[in-house]
Structures are given as C-alpha cells and as structure tokens.
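Below: one structure, written as structure tokens.
The values are calculated or read from the model by the stated rules, or taken from the named source; none is laboratory data. This structure is a prediction, so every number in the text was calculated from the model and none was measured. FYI the Cβ positions are ideal-geometry reconstructions off the backbone, even for glycines, and counts take in every protein chain you see. The area values use the complete protein model at the heavy-atom level, side chains included, leaving out ligands, DNA and RNA. Shrake-Rupley method; radii C 1.70, N 1.55, O 1.52, S 1.80 Å.
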Amino acid sequence: MSHDPPAIYGIIGNPVAHSLSPVMHNTAFKALKVNAVYKLFPLADAEELKLFMEDLKEDNNPIFGLNVTVPYKQDIMPYLDTIDPLAAKIGAVNTLVIDHQRKIHGFNTDGPGFLSHLTELKVDLNGKRVAVLGAGGTARAIISVLCLLPQGPERISLYNRTRANAEDMVQEIGKKINTRKVIIVDEPEDLNIELADLLVNTTDVGMKAEDPLLIDPGSLHKGMLVYDVIYAPQETKLLAQARLQKVPTANGLGMLFYQGVLAFWHWSDVELDERTKKMMRKALEDSRLRGNDNGINHGT
C-alpha cells in the first residue's frame, strides 16, 4: 500500500539547530492530520543559500513553505518572485510560500507577531515612548510596524553598539515608512529609559549568563514593560533585574508563537482553531522546559 510522501516545510538560517519552530509546526501538522513535516535546513554561507534557492525552483522539490532566520532575512529577497507589501516596506522576509508552479513568495510575520503579543499583554502604545536596543533584522521588523501603527508611539529611541548600522537601517526603512519618530542615540543612557513605557531588547546580549547588562537597571520603573526577544533562557539578566524591581516583563516566546501562527496561515490559507493554537503554545513551553535553552527568537 503506497502513501504519498509528506510535504516539507522548514527553517533556513545559520544557526538553526536550537530553533523551536519544528516543535510548534509539527504539533500543528499532527493535530490537524496534515501530511507534512517541518525540518531544519542549516545553510553555512551565501553560496549554500544560492544553491538551496535554485534547487527550490525545481519541479520535483517537495518543499512548500519555509521560515527564514538570521542571517538571511534580507539576503533572501533577490531570489523571490513576489514580496508582500509589508515585507517590502520592512525590507526583510522571514516566511516563504512556494506554490505548485514553484514560484516563491515572501512575507514578514515578525512585526505582526510582535504586535499580536503586545495585544495579548494589553499594551497600548498610543502616544507612548519606546526604547529599542539593537539594529538587526528583528529590530527592523519591530521598528517598522511601530512606525506604521495609526495610533502608535510618540517616540522611538534606538541604541545600537555600532551607530552607523542603526543609521543605515533607519535610512532604509525611511524610504518606504515615515520614521521621523525614531531617534538614534549614542549611548544606552541616552535612551531615557526612566521615561519609557516599553523597553525592547532585540540583541542577543543576554543569551549567556556572563553577558553584561546593556542598560542601567536603576532606570527601570514599574510603569513600563521590559520585553526581551530572547526566549531561551526564559529569564535573561535584564528580565531578572526587572522582576526584582517588580517591573512587568515578557520574553520572546509569545512573538515566536504568533509569527508562527501567521506563517502557518500563509502556507495553508487555514485559520488555526483555538485548540490547535493551545497545543502549539504548550509544545513550545514544554520544549523550553526540557532544556532547549540556548536559542534566540529572531522571529523563528
């Protein structure tokens, strides 16, 4: 008795070994009885990315959807047949849909995933102040969607260790999105965190126990939310300091979950039911508790 081979989905990037996306999506496939599997595709360099994308166009290739993580969220764009308007504005893609004609379509679910998590946390940013650490792909998505909000923050202060990278990022985003509310600062203390309503760490500083604090913990206050996109460890040094001062905190697991739900919708055009979403989220929590504790949420 023959069985059709499963459709393949997965994540490309470097590294991908510690991604929790397979746990989440394979749970959904199983719950919905979908004949599909989600795999890891580590790609070491630009040449491997090029060969992989060329192979993706072949008629017999069984891959129909992918997530994209660092460092390829921008490098992937020249290989795509279409790019969703939001992803084009952000200038980064983290979700690919490959149709049956082997056309490749790019989307960005990082920014919307972040906003969905803030909605769950009942965070209202209308007229508020936001401080952001970092200028990588995650920061690009978060700053873009914050600037696009019709009732968004009044001011976004941005610090990156290399100021020129922050300037380049804001300049690129500014070609398609109004970024006048973004202020780049030279030092972390210039973020004026004591006046901020939301602090977002988008860097990988905090993944290791020996990592320093990028900000003065004395500037944290109870009227703000401290959000760290790192989801493993569950509590970074930054979040621990905030908790000790009874400042509300959140890590990036919620953002990972919501961007994954959106990616699944792009792949299947199916709105996930609440039961399946609860199973996906529980799988993420369980996997993290089992010790998959050394990855960062770059959206995937």
Search the stretch 256-277 for residues that are acidic (Asp, Glu) and pair each with any residue that is open to solvent by 50 Å² or more (accessible area, probe 1.4 Å) when their beta-carbon atoms are under 8 Å apart and the residues are at least 6 apart or on different chains. Glu271/Trp265
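I need a count of the residues in the stretch 245-267 that are among the β-branched types (Val, Ile, Thr) and either open to solvent by less than 30 Å² (accessible area, probe 1.4 Å) or touching an Asp or Glu at 6+ places or on another chain (Cβ under 7 Å) (or both). If you could, list the steps in order and put the result at the bottom.
Quick first cut of the stretch 245-267, residues among the β-branched types (Val, Ile, Thr) only: 247, 249, 261.
Then drop every residue that is not either open to solvent by less than 30 Å² (accessible area, probe 1.4 Å) or touching an Asp or Glu at 6+ places or on another chain (Cβ under 7 Å) (or both), which leaves 247, 261.
Of the residues in that region, 2 qualify.
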Of all residues in the stretch 231-244, which are surrounded by fewer than 19 Cβ atoms within 10 Å (Cβ to Cβ) and at pLDDT 95 or above? Ala240, Arg243, Leu244
How many residues, within the stretch 70-87, are assigned to a helix (DSSP H, G or I) and among the basic types (Lys, Arg)? 0
If you check Leu191, Leu146, Leu198, Leu158, which single one turns out to be farther than 21 Å from Asp110 by Cα and open to solvent by less than 20 Å² (accessible area, probe 1.4 Å)? Leu191
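State whether one or more residues within the stretch 127-134 are under 26 Å from Pro212 (Cβ atoms) and surrounded by fewer than 23 Cβ atoms within 10 Å (Cβ to Cβ).
Within the stretch 127-134, one or more residues are under 26 Å from Pro212 (Cβ atoms) and surrounded by fewer than 23 Cβ atoms within 10 Å (Cβ to Cβ).
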Filter the stretch 2-39 down to residues that are open to solvent by 70 Å² or more (accessible area, probe 1.4 Å) and not in a loop (DSSP other than H, G, I, E, B) and give me whichever is farthest from Ala283 (Cα to Cα). Lys39
Out of (1) assigned to a loop (DSSP other than H, G, I, E, B); (2) open to solvent by less than 80 Å² (accessible area, probe 1.4 Å); (3) among the aliphatic types (A, V, I, L, M), what's the single condition that is false for Val226? (1)
The stretch 92-126 - residue that is open to solvent by 10 Å² or more (accessible area, probe 1.4 Å) and among the acidic types (Asp, Glu) and, of those, nearest to the chain's Cα centre (by Cα): Glu120
For a quick check of your reading of the model, give me the residue pairs whose first member lies in the stretch 43-61 and is more than 14 Å from Ile8 (Cα to Cα), whose second is open to solvent by 90 Å² or more (accessible area, probe 1.4 Å) and of a type in the set (Val, Ile, Thr), with beta-carbon atoms closer than 9 Å and at least 6 apart or on different chains. none
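I'd like the residue in the stretch 260-300 that is modelled with pLDDT of 90 or more and in contact with a Lys or Arg (Cβ under 9 Å, 6 or more places away or on another chain) and, out of all such residues, is farthest from Arg140 (Cα to Cα).
So, considering only residues that are modelled with pLDDT of 90 or more and in contact with a Lys or Arg (Cβ under 9 Å, 6 or more places away or on another chain), the one farthest from Arg140 (Cα to Cα) is Met279.
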Only residues that are open to solvent by 40 Å² or more (accessible area, probe 1.4 Å) and over 25 Å from the mean Cα position of the chain (by Cα): list them for the stretch 55-73, please. Asp55, Lys57, Glu58, Asp59, Asn60, Pro62
Hey, Asp204 open to solvent by 60 Å² or more (accessible area, probe 1.4 Å), under 16 Å from the mean Cα position of the chain (by Cα) and of a type outside the set (Gly, Ala, Ser) or not: yes
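Please go through the stretch 198-223 and give me each residue that is among the aliphatic types (A, V, I, L, M) and touching a strand residue (DSSP E or B) at 6+ places or on another chain (Cβ under 6 Å), ordered by number. So that I can check it myself, show each step before the final result.
Step one: filter the stretch 198-223 for residues among the aliphatic types (A, V, I, L, M), giving 198-200, 205, 207, 209, 213-215, 220.
Hits for the stretch 198-223 are Leu198, Leu199, Val200, Leu214.
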Name the pairs: first residue in the stretch 160-175 and polar (S, T, N, Q), second residue open to solvent by 80 Å² or more (accessible area, probe 1.4 Å) and assigned to a helix (DSSP H, G or I), Cβ to Cβ under 6 Å, at least 6 apart or on different chains? none
Cβ-Cβ distance below 9 Å, separation of 6 or more or different chains: which pairs start in the stretch 138-156 with a residue that is modelled with pLDDT of 95 or more and in a helix (DSSP H, G or I) and end on one that is surrounded by 17 or more Cβ atoms within 10 Å (Cβ to Cβ) and of a type in the set (Phe, Trp, Tyr)? Ala141/Phe114; Ile142/Phe114; Val145/Phe114; Leu146/Phe114
